[in-house]
Amino acid sequence: MPRAALTDAEANIRSAEVVGANDDPQASYHLELARDQLTRAEEMIARGRMQDAERLLMRASADAELAVALARVDDAREAAQMTEDRIRDLREQHL
Amino acid sequence: MIRTWMTANALLALLVGGCGAQGISQELADARRVMETARASDAAELEPDMLHVAQRTLDRAEAAEDGSPVEADLAYVADRQARLAMANANTERAMQQMERAQTEYREELERVALDRGRTVEEQGEILEAFRERLLAVRAELDERGEDLDQRTEELREREEELASRVNELMAERAARAAAEERAEAAMRELQRYAPVRQEADRTIVTLTGEVLFESGRAELRGTAARRLDAVVAVAESRPGTIRIEGHTDSRGSSLANHRLSLARARAVRDYLVNRGIAAQRIDVIGRGEDMPLTTNDTPEGRANNRRVEISFENAPQPLQQQPVRRQLQQQQRRR
């Protein structure tokens, strides 16, 4: 029973959901992959195919981690853009 | 919270099995392409460690049997690790950009605050200059106001003078009109007692000798007073010189007639002077028998010749008001 791998995959998927991976196209794609792989892994576990389950869980964790990272890129770029917008607004008000 | 993923070695330990010799898996092909992209990206600078891990995982995938599940899984993971490295590098780059933007924003805030301070100072200088100019303009207006007040006062005084002069002129006109009326009235009164004739520059009143004097004498009769009072009224009412001419008829000597005529003229003059007429206005002339009005051959004629003529200088009319014929007569007399 790949309990640790299952726990890690589930935790990573939840993390991706928390940081808003669903709101970013690329992030949501990998989050969906992760969810799908998790589901398939649970099926493998139910069928006793533990190695297949662990492989799927490994992929699920990788996709979930990538989803988190991609969501953070979007947030960081949005924060940088907001700051630049504030600069532009400040200059326009001061003209 | 992110759980750390398992290392490639741990993965390799879990993965069992192999496949027959096949072409490489799609996952490996994809992983190679992604790794190439990652090495050319910011990940090489900003996430070298993570990129190194992805490369190691890819190496193991390369080492696995072509087309095997191990290869596919390792390649899949390597693919995701390379993408993760690029994502983290992008995040780092965005964070750096945001930090620069924040620094620029703080600097812009400081500059704006400084400019506003300077602007307020400049506006203060402009306002001060404007206030000084306003004070100068106000002082100038005050000065002009004083000048204006002075001029207004001068104009007011001038108006009062003009009004006073107008009043004087009107009074003079009224007085002149009244004097003319008195003169006309006096003349009308005199015309009751004696004929009056007009000449170019004089008005001549002829008083009969018998009315004024006893025959051959130069003392005024009592009855002369009323007539001579009328003459006095006319003399008072009009300015100018008065000429009194005594005339006799032709009886007696010429010398005696001249003396008598002159004595009679002086008697009339003395009466006028005694009544307040200025002596220097009056000329007296004794004509004797030299200027008869009519024949001396008849009693009536001699009576008419025995007379005193009192002539009053006419007031000069403005040239433009005189008839053209009178203007020409005046010009001929002057030649």
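The values are calculated or read from the model by the stated rules, or taken from the named source; none is laboratory data. Just so we're clear, the structure is a prediction, and the values are computed from it rather than from any experiment. Quick reminder, even Gly has a Cβ in these numbers, built from the backbone with ideal geometry, and neighbours come from all protein chains shown.
Annotations for the structure displayed:
- Here residue B:176 meets each of (1) under 16 Å from residue B:237 (Cβ atoms); (2) not in a helix (DSSP H, G or I) with one exception, condition (2).
- Filter pass, residue B:83 being in a helix (DSSP H, G or I), buried (at least 18 other Cβ atoms within 10 Å of the Cβ) and at pLDDT 95 or above: yes
- Within segment B:5-29, considering residues that are at pLDDT 85 or above and surrounded by 15 or more Cβ atoms within 10 Å (Cβ to Cβ), the one farthest from the chain's Cα centre (by Cα): B:24
- Set side by side, the residues B:109, B:114 differ, and just one is part of a helix (DSSP H, G or I), within 12 Å of another protein chain (Cβ to nearest Cβ) and surrounded by fewer than 11 Cβ atoms within 10 Å (Cβ to Cβ), which is B:114.
- Selection over segment B:153-191 of residues that are farther than 30 Å from residue B:226 by Cα, surrounded by 11 or more Cβ atoms within 10 Å (Cβ to Cβ) and among the polar types (S, T, N, Q) gives a count of 0.
- Restricting segment B:57-68 to residues that are in contact with a helix residue (DSSP H, G or I) (Cβ under 6 Å, 6 or more places away or on another chain) and assigned to a helix (DSSP H, G or I), the residue that is surrounded by the fewest Cβ atoms within 10 Å (Cβ to Cβ): B:60
- Hey, residue A:23 of a type in the set (D, E, K, R), closer than 30 Å to residue B:100 by Cα and in contact (Cβ under 8 Å) with a residue 40 or more places away in the chain or not: yes
- Hey, residue B:71 among the charged types (D, E, K, R), more than 10 Å from every other protein chain (Cβ to nearest Cβ) and surrounded by 11 or more Cβ atoms within 10 Å (Cβ to Cβ) or not: yes
- Output for segment A:46-69, where each listed residue is more than 7 Å from chain B (Cβ to nearest Cβ) and over 18 Å from the mean Cα position of the chain (by Cα): A:46, A:47, A:48, A:49, A:50, A:52, A:53
- Looking only at segment B:191-241, residues that are at pLDDT below 90 and on the phi > 0 side of the Ramachandran plot come to 1 in all.
- Selected residue (criterion: surrounded by the most Cβ atoms within 10 Å (Cβ to Cβ)) from residues of segment A:70-84 that are touching a residue at least 12 places away in the same chain (Cβ under 8 Å) and more than 7 Å from every other protein chain (Cβ to nearest Cβ): A:71
- Of all residues in segment B:218-271, those being surrounded by fewer than 17 Cβ atoms within 10 Å (Cβ to Cβ), without any contact (Cβ under 8 Å) to a residue 40 or more places away in the chain and under 13 Å from residue B:282 (Cβ atoms) number 1.
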